[in-house]
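Right, one structure below, let's go through it.
The values are calculated or read from the model by the stated rules, or taken from the named source; none is laboratory data. Values in this document were obtained by computation on a predicted structure and should not be read as measured data. Note that we place each Cβ from the backbone using ideal geometry, even for glycine, and neighbour counts take in every protein chain shown. Note: areas computed on protein heavy atoms with side chains; ligands, DNA, RNA excluded. Shrake-Rupley method; radii C 1.70, N 1.55, O 1.52, S 1.80 Å.
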Amino acid sequence: MRKICRIFKCSCDLSSFVILILLQILTAPRVYPDASNRASLHGTIKGRVVDADVRAALVGANIYIIDSDFGTVTDTAGFFTFANLPVGKYSLRITHIGYTPVMKTDINIKPDRITYVYPELKAAAVPGRKIRVTSGYFPALDRNPVGAINFSKVEIERSPGFASDVTRVISTLPSVSSFDDRFNNLIVRGGNPIENGFLVDGVPIPNVNHYASYGAPGGIIGLLNIDLFEELNFYTGGFPAWYENRLSSYMDIKYREGNREEFDGKAVLDLGGCGLIAEGPLHHGQGAWLVAARRGFLDLLMDILDIDMAPKHWDIQTKLTYDLSPNNKLSALAIAGSSDVSVARDDADVLGGSNYGDAADSEFDMGLSWRYLWNQNGYSDLILSRTHMKYDFLSRWYENDSLHFTTESLEDYYQLKNSQHLRVSESILLDFGLSLGLNHADIDYYFAAMRDNYLMSLPETYIKTVEETFSVGYFFSSTFRISERLNTTVGVRSDYFSYNMDHHWSPRLSFSYRLSERTALTGAFGTYYQNLPMIFLGQYDNADDIGDLRSHHYIIGINQILADDTRLTVEYYEKQYRNFPIDVNQPMIFLIDEVLEYYGFFLSHRELVGGSRAASRGIEVVLQKKFSGKLYGLLGGTYYEARYRGLDDIWRNRVNDNRVNLTAEGGYRPDDNWEFKIRWEFAGGRPYTPYDSSASVQQGDGILDRNNINGERLPDYHGMSVRIDHRFNFTHSNLRMYLSIWNLYNRKNVATYDWSKAEERTHFNHQLSFLPVAGFEYKF
């Protein structure tokens, strides 16, 4: 895993060459239609407006094109159309009596093409009360008023330094800590990557990355194709009762439908690889299909650089939708991906590693869903899903070619989930449901005996086992609009896991109290449980005695609308962790964080018990300006601490305790063809355990100081990324090109450290250096 990170550094020369070509294209005489001719290029906006709570069509909703005289209303099925619009960017404002207005910005009209928009409006009326009027730039997340942020597809795409990777976009939020920009692990509010959940159209996705970590949802390059996104909701804490089996966060992604009236295609070339996207109608517009395929080209880059290392990855994703009737819709989702990398022994030393070998992983996720609209006041979802993960790793030590570790393991998870959503009255919403899960884990895992950096002997571990487990969960949640000012959501979920026969009740509560038309006090409390990864459980005979992980969330905040398009959010949060596993022979080590320190792997241990505790608390400030006019941006900062307590009753810093995170990101779009973006990030130096110099010299190897665990800090992390986009419109197609530079001022951020035997001192390894990146996107 560590070796493949160096590919990004090696790609600088090739990317620089591509950028020179792009600069020549951008500055060459124009070959696309000039301004006078572009006025003759037209496209269409179509869409459907629905109630966000019960999915019923909204008849008579008003849709206005901002800064124009154009407007229309929805028909009896909630549909609307704006035809024959000049190509360019548009913003829509959608209103309906009794509902909170919604703004849809950055709608790109392409030549001779249909652009679909699907606004969802939240009911705002309370009987006998005045309807509150808002701008609509920020979606009403009243069922989860804290720790939540919404991104549209365009907002995700425009982020500089994202490399078609949604987790790298999310990592710019102040609630997410920076650990190592060569990886895309999400560390949310002092948590750990294993604590994050991912859903696409309600289907659980165990890992959203290529070159995946084993046992945790991390990796190098994103698996999910952003071109298929419609929107994303990211919950950093206090999430409601229908989210299960995670301690810290949930990323809830909605894929868009394909075009129901015409064929559309798109070709993409960027750091994530080359890809094709196609979509079109099914059965005279009664449904639609959408398919995307990508293939990475990092192996071709290695050939150019004459390095005997062949990283390969590909993915295919598809979504089908079909209306059985106006009230019955079927959807099918499939996401498949594979990645593998081999490092030859001769290149291991050149790449700076201590081991070599092969690593391969594959993932296949699929889901079939049926949505039934009862009437204007409720609907139900039934989702049958299957996720499959397979890992094949082999590693040998460079010094003596002995086997380090190997695994050939797979996991299959099947789930049937049913949820009901009902509007009892204009002020009461009910959500309840049931899920049944079956997990099959076939684990074949070997870890050679070794001495760790604390001079502790780790045992030889060989596991060959098949584990069959099942889980049952159900939830109930109710949202009460008690008054014009006060909304509350009260919920509870119950979960049973057969492996350890644990049964839990998890209460959840959130509220939003409006102090004024533009100011709201928000808060949330919740209890959350999570099963340990099967690769962790399968190593130990007594693992079923440890029990599930537990956390308690406490959040209080203020939301202030400063302008129609600008919101300030201030939140204080506290998370208390219980029942984390710990090795009685290493009572001072927080084992769950090994996945961060050892490139996505857990080491083997001898005797585990539960009882380790942890806590994180902090204050977070976010100022977000949605796109309007020509500017958009986000400023954020957080001050927090993340600590743990071992069996020795000593509280220590966790490795993700950066203390300070700062983010500044924004963009300027002078017209419909040009866009300029910039992002700057800062994170305080994360804790690390220094080497005991005298012991290391004596042993001839790096020996960590067990009396100063996580007692020192690495240098602060900071870096800047910039990006320029330009769009060319043709008669029946358009082309978008971008130039991006990561780490613009070439900050030498520290990634890892090791002991130099030759120099007898600590050696620091660095993260990504100055890296130019280019991309193309052609729509036809």
- Search the structure for amide H atoms under 5 Å from the amide H of N734, placed 1.01 Å from N in the peptide plane, and list their residues when 5 or more places away or on another chain. K779
- Task: Taking the convex hull of the Cα atoms, report for the range 522-663 its projected area averaged over all directions, in nm².
- Result: 10.4
- Which whole-Hz couplings ³J(HN,Hα) result when phi for each residue of the range 355-362 is put into the Karplus expression 6.51 cos²θ - 1.76 cosθ + 1.60, θ = phi - 60°, listed in order with x for Gly and Pro? 8, 9, x, 10, 9, 9, 9, 9
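Among residues other than L416 whose Cβ falls under 13 Å from its Cβ, what is the net charge (Lys/Arg +1, Asp/Glu -1)?
Details: positive: R386, K417; negative: D381.
So the surrounding residues net to +1.
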- Task: List every residue whose amide H lies under 5 Å from the amide H of G719, counting only residues 5 or more places away in sequence or on a different chain, with H placed 1.01 Å from N in the peptide plane.
- Result: E681
- Message: Can you bin every Cα-Cα distance in the chain into 20 Å intervals starting at zero and give me the percent of pairs per bin, rounded to whole numbers?
- Response: 15, 51, 30, 4, 0
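Calculate what fraction, in whole %, of the accessible area of the chain sits on carbon and sulfur atoms when a 1.4 Å probe is rolled over the protein chains.
Carbon plus sulfur share of accessible area: 57 percent.
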- Roughly how large, in nm² to one decimal, is the mean projection of the convex hull of the alpha-carbon atoms in the range 445-588? 12.9
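To the nearest 20 debye, what is the magnitude of the charge dipole of the chain about its Cα centre, counting +1 on the Cβ of each Lys and Arg and -1 on the Cβ of each Asp and Glu?
3020
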- Query: Once amide H atoms are placed 1.01 Å from N in the peptide plane, what residues at a sequence separation of 5 or more from N585, or on another chain, have their amide H within under 5 Å of its amide H?
  - Reply: E607
- Per residue accessible area of the range 42-121, 1.4 Å probe, in Å²: 38
- Query: Can you give me the Cα centroid spacing of the range 741-780 and the range 192-207 in angstrom?
  - Reply: 28
- Item | Residue-by-residue Karplus 3J(HN,Hα) for the range 577-590, coefficients 6.51, -1.76, 1.60, Hz, glycine and proline x | 9, 9, 6, 7, x, 8, 8, 5, 7, 9, x, 9, 9, 8
- Message: Below 8 Å between Cα atoms, with a sequence gap of 6+, how large is the relative contact order for the range 148-779 in percent?
- Response: 10
- Message: Taking just the alpha-carbon atoms of the range 373-525, what radius of gyration and Dmax come out, in angstrom?
- Response: 24.2, 72
- Note on the structure: A correct Karplus calculation of ³J(HN,Hα) over the range 107-115, with 6.51 cos²θ - 1.76 cosθ + 1.60, θ = phi - 60°, whole Hz and x for Gly and Pro, returns 8, 8, 8, 9, x, 6, 9, 9, 10
- Note on the structure: Classified through the alpha carbon gyration tensor (a ≥ b ≥ c as square roots of its eigenvalues; rounded if a/c is under 1.5, else prolate when a/b is larger than b/c, else oblate), the range 42-121 comes out prolate
- For n ≥ 4 DSSP H runs only, could you compute -39500 (n - 2.57) per run for the chain, divide by its residues and tell me the 222 nm figure to the nearest 500? -2000 deg cm²/dmol
- Query: With a sphere of radius 10 Å drawn around the Cβ of L290, what net charge do the other residues whose Cβ falls strictly inside it have (Lys, Arg +1; Asp, Glu -1)?
  - Reply: -2
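Do any trypsin sites (Lys or Arg not before Pro) in the range 561-599 lie in a loop, going by DSSP, with at most 11 other beta-carbon atoms within 10 Å of their beta carbon, and if so which?
Working: sites: R567, K575, R578; in loops: none.
Taking the range 561-599 and a limit of 11 other Cβ atoms within 10 Å, no loop trypsin sites (Lys or Arg not before Pro) are found.
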- What are the trypsin sites (Lys or Arg not before Pro) within the range 656-760 that DSSP puts in a loop, where the Cβ has at most 16 other Cβ atoms within 10 Å? R706, K748, K757
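Between the DSSP loop rule and a limit of at most 16 other Cβ atoms within 10 Å, which chymotrypsin sites (Phe, Trp or Tyr not before Pro) in the range 703-737 are left?
Working: sites: Y717, F728, F730; in loops: F730.
Sites meeting the loop and neighbour criteria: none at all.
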- Would you mind checking the tilt of helix 12-27 against the longest principal axis of the Cα atoms of the chain, expressed as 0 to 90 degrees and rounded to 10? 20
- What whole-number value in Å² describes the accessible area per residue of the range 148-779 for a 1.4 Å probe? 37
- State the antiparallel share, in %, of DSSP beta bridges confined to the range 42-121, rounding to the nearest 5. 75
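P(r) tail for the range 180-221, what percent of Cα pairs lie past 12 Å? Please list the in-between numbers first.
Numbers: 496 of 861 pairs.
Value for the range 180-221: 58 percent of Cα pairs lie more than 12 Å apart.
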- Query: Just the Cα atoms of the range 613-712: what Rg and Dmax do they give in Å?
  - Reply: 21.0, 65
- Within the set of other residues whose C-beta is less than 9 Å from the C-beta of Y391, count the net charge using Lys and Arg as +1 and Asp and Glu as -1. -3
